[in-house]
Amino acid sequence: MDDREDIDEQPPESKFKFQMDFFILFTVFGGLLTLGMILVKSSMPLGVGIDQIEVKRGTRASGVFAHDLVRNLTLHPHPSFSHDNLRVRSEIIGSLKSIQQEYSTWNCTQPNPFILRTEDPINLVIKAKNITHLFESTNVIVQVVGKKNESLLVSAHYDSTTLAPGVTDDGIGIASMVAVLRTLAFRTCHQQLESSLVFNFNNGEELYLLGADAFIHDPLFQNVKAFVNLEGTGTAAEERPMLFRANDMKLVSRILKRSTRPHANVIFNNLVKFVASDTDYRPYVTQGRLPGADIAYYSNRYLYHTDGDNIDHASLSSVQYMADNLLDSIDALQVLDFEKTREIVNDDLGLPEFTYYDVFGVFTFVSSNRWYLASFCILIGSVIVFCLLNIGQTMFKDGRIRRLAPTIEATANVVLILGLCLLASIVTGYMRSFVNPGYSYGLPEWNLLLLWLQMVTVSSLVLIMWKSLTVSFGVQRMGQYQLLPEEDVDQRQRSHEERKQEQMRLSRYLPFGINIILTLVAILAVYLFKDGINMMYLSFVHLFYSLVSLVVGWLLESLFRSWIKVDLDQETEHSVWMDYYQEYFWVLQLLIASFVPFLMTFDLIHTLLISLPSLVSEGVQSWWIDFVFSVMVSLLMIPFVPGLARTMPRFFSAIFGLFWTILYLHSLFVQPFSSLRPIKFDYLEQHTLGSHNATITLTSTFSPQQLIQSIDW
């Protein structure tokens, strides 16, 4: 095809088909994108009032109550043993006593099950580098006595860092516990719980997790069989807290099945090791050897441990989400048939032996890694068998392998597209890291749009230039497959209809190439799993639905062949139905291959967009983060490549390329943060204060890891 030829020169019928294909392609993409955004927004609950009927029935906790309590608790920073810390402790005790007093006014058929303990008998003597420290524990404990002595531990900390009001870290966790206790008061008024509960409002998490360490030495800990820890490493601005770390498959399965709005993902078990902070989950698992779950907020981490962790960045719906999840978790874990976990060696928590995730809080999945590995083997074997059957179908028919060459070429096409997209993300991200390294951190949505434009532009350019590239490298055709013209044929003399047929043939074989590439990606995911990166579930879903779309196409193609007695690879006069099949069946294949994988990948991208860019502040290179998002965008867009091959949108490719160029220049010169941005967020806790342009740096003699490792109980 002449590169100077414009789409407007095509015959009206060919131009209409092009426009229709292009319209269908972007309608499907736009529809899936819109559906994903709606599902993300609809997952947030409305706030429940203090005296709503659900609260009095004991079915839901009041987010309004919790939000108001958070506001009172976090007026100022309240580090351990400060005056504000004592004030917060008094506020918590006052709220708990008011629940007890309220309970005594009701006509309950059950005795008051609440036991409030405000005096903590535990003191820790810590020896670190020949220096002895005394830590006086001031945890506030509430027992809810059930029919059994076995207890579920619910834990959150009420201390903050020196500079942060501590709304998300961890005021919401504390307030949610109080709100849930109030709901349990209504419930236990007439019915006793099956198992007992222990609520640990601990003080000293910001002092190297010493509050939780102290409770492990508490006599009440002896009856604890499992725990749920509430945390926050960012803000709660219209975002969901996530169950991001767990060590028991049965526990996670019960929590996610019971939760009305589950949010969990095993991938974040991997990301924790990149973060220079930890939670009370660690001592409960390493020293207490308890099965448990860590639930935390994770958005806007650049406000973590700063004065930005305030009530302005905590929405009512996010607080309600935490309270609902906590109450559901307690209901799910009323049967405490758990055993002690394995002994932790070298303080290495490792990865769970199971996979768990949710999709928009609607669908959840929990399964052992062994099951996934076995399913992978079956799925990969099915792909190999299908490919052999598909290629051998014509070989046994007339002695020629007519589908091998186009399948290999389609695979090479997909490899080139993905390779160039990933290479482009590395090169452009690496170049930008020298000029504006914080762009992907401060403006993650714009950075994601940039990577999407890059993916579409590169894919379109490869598809447009593919014919010229294969002819230049002397690729030969086999059998009756004529994707590319013979060298002695003048492209200018070929009809538009013939060129349209070439595009259709390319788009028809590209799904086979995509399936082969996804098989290789699945094998890579299994390999990465051995190194502690669990991406198996996402690659499994993409490969499974890609195979389903091919099998459906193969079955319908065989049905048409037997019905109208034609071979689709031969120049035969087609019926009207065959014409419709060739023109529009790609839409059905696209929907099958993309619907579920697109939504799952979109949900994961949304979650990573909230959390992953913040790793720049932990020392991770920004180009590495761009590469990860480029992989996610490639998985999102790969089912749409056959549709792009049909349309060959030269004009739109130029438009996308222009937008990409403008946005990339924007990423080079537009600073993502104002002068008030936080500089660094770790235990050194550097922070830029207001308009005074002054920086306060708080340093510790030991790193958290050094201190914990040097403790001699």
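The values are calculated or read from the model by the stated rules, or taken from the named source; none is laboratory data. All figures in this text were calculated on a predicted structure; none of them were measured in a lab. As a convention, Cβ positions derive from the backbone with ideal geometry for all residues, glycine included, and neighbour counts pool all protein chains shown. In case anyone asks, the SASA skips ligands and DNA or RNA and just uses the protein heavy atoms, side chains included. Shrake-Rupley method; radii C 1.70, N 1.55, O 1.52, S 1.80 Å.
The table below lists the values:
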item: Test: residue in segment 527-541 that is at pLDDT 90 or above and over 22 Å from the mean Cα position of the chain (by Cα); result: no
item: Top-ranked residue of segment 426-446 - restricted to ones that are in contact with a Ser or Thr (Cβ under 6 Å, 6 or more places away or on another chain) and either under 30 Å from Leu550 (Cα atoms) or open to solvent by 20 Å² or more (accessible area, probe 1.4 Å) (or both), ranked as modelled with the lowest pLDDT; result: Pro437
item: Search result, residues across segment 532-551 that are open to solvent by 40 Å² or more (accessible area, probe 1.4 Å), in contact with a Phe, Trp or Tyr (Cβ under 9 Å, 6 or more places away or on another chain) and more than 15 Å from Val266 (Cα to Cα); result: Tyr545, Val551
item: Hey, Pro678 open to solvent by less than 10 Å² (accessible area, probe 1.4 Å), modelled with pLDDT under 85 and not hydroxyl-bearing (Ser, Thr, Tyr) or not; result: no
item: Search result, residues across segment 126-144 that are surrounded by fewer than 19 Cβ atoms within 10 Å (Cβ to Cβ), aliphatic (A, V, I, L, M) and without any contact (Cβ under 8 Å) to a residue 60 or more places away in the chain; result: Ile131, Leu134
item: Residues of segment 575-590 satisfying the condition of being modelled with pLDDT under 70 and of a type outside the set (Asp, Glu); result: Ser575, Val576, Trp577, Met578, Tyr580, Tyr581, Gln582
item: Tally of residues being of a type in the set (Val, Ile, Thr) and either surrounded by 14 or more Cβ atoms within 10 Å (Cβ to Cβ) or on the phi > 0 side of the Ramachandran plot (or both) across segment 94-114; result: 1
item: Close pairs (7 angstrom Cβ cut-off, 6 or more residues apart or separate chains): under 20 Å from Gln454 (Cα atoms) in segment 403-428, acidic (Asp, Glu) and open to solvent by less than 10 Å² (accessible area, probe 1.4 Å) anywhere; result: Ser425/Asp626
item: Any hit, segment 155-163, residues being aliphatic (A, V, I, L, M), buried (at least 24 other Cβ atoms within 10 Å of the Cβ) and within 30 Å of Ser299 (Cα to Cα); result: yes
item: Checking Leu388 against (1) at pLDDT 60 or above; (2) touching a helix residue (DSSP H, G or I) at 6+ places or on another chain (Cβ under 6 Å); (3) among the aliphatic types (A, V, I, L, M); (4) open to solvent by 10 Å² or more (accessible area, probe 1.4 Å), the condition it does not meet; result: (2)
item: Residue among Leu484, Leu555 that alone is surrounded by 14 or more Cβ atoms within 10 Å (Cβ to Cβ) and either closer than 25 Å to Leu420 by Cβ or modelled with pLDDT of 70 or more (or both); result: Leu484
item: Failed criterion for Ile330 (all others in (1) open to solvent by 10 Å² or more (accessible area, probe 1.4 Å); (2) β-branched (Val, Ile, Thr); (3) within 30 Å of Val55 (Cβ to Cβ) hold); result: (1)
item: Single condition Tyr208 does not satisfy, out of (1) under 25 Å from Asp307 (Cα atoms); (2) in contact with a strand residue (DSSP E or B) (Cβ under 8 Å, 6 or more places away or on another chain); (3) open to solvent by 10 Å² or more (accessible area, probe 1.4 Å); result: (2)
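Residues checked against (1) open to solvent by 10 Å² or more (accessible area, probe 1.4 Å); (2) touching a Lys or Arg at 6+ places or on another chain (Cβ under 9 Å); (3) closer than 28 Å to Ile216 by Cα:
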site: Asp248; (1), (2), (3): yes, no, yes
site: Ala264; (1), (2), (3): no, no, yes
site: Val272; (1), (2), (3): yes, yes, yes
site: Asp278; (1), (2), (3): yes, no, yes
site: Gly288; (1), (2), (3): no, yes, yes
site: Asn300; (1), (2), (3): yes, no, no
site: Thr306; (1), (2), (3): no, no, no
site: Asp312; (1), (2), (3): yes, no, no
site: Leu316; (1), (2), (3): yes, no, no
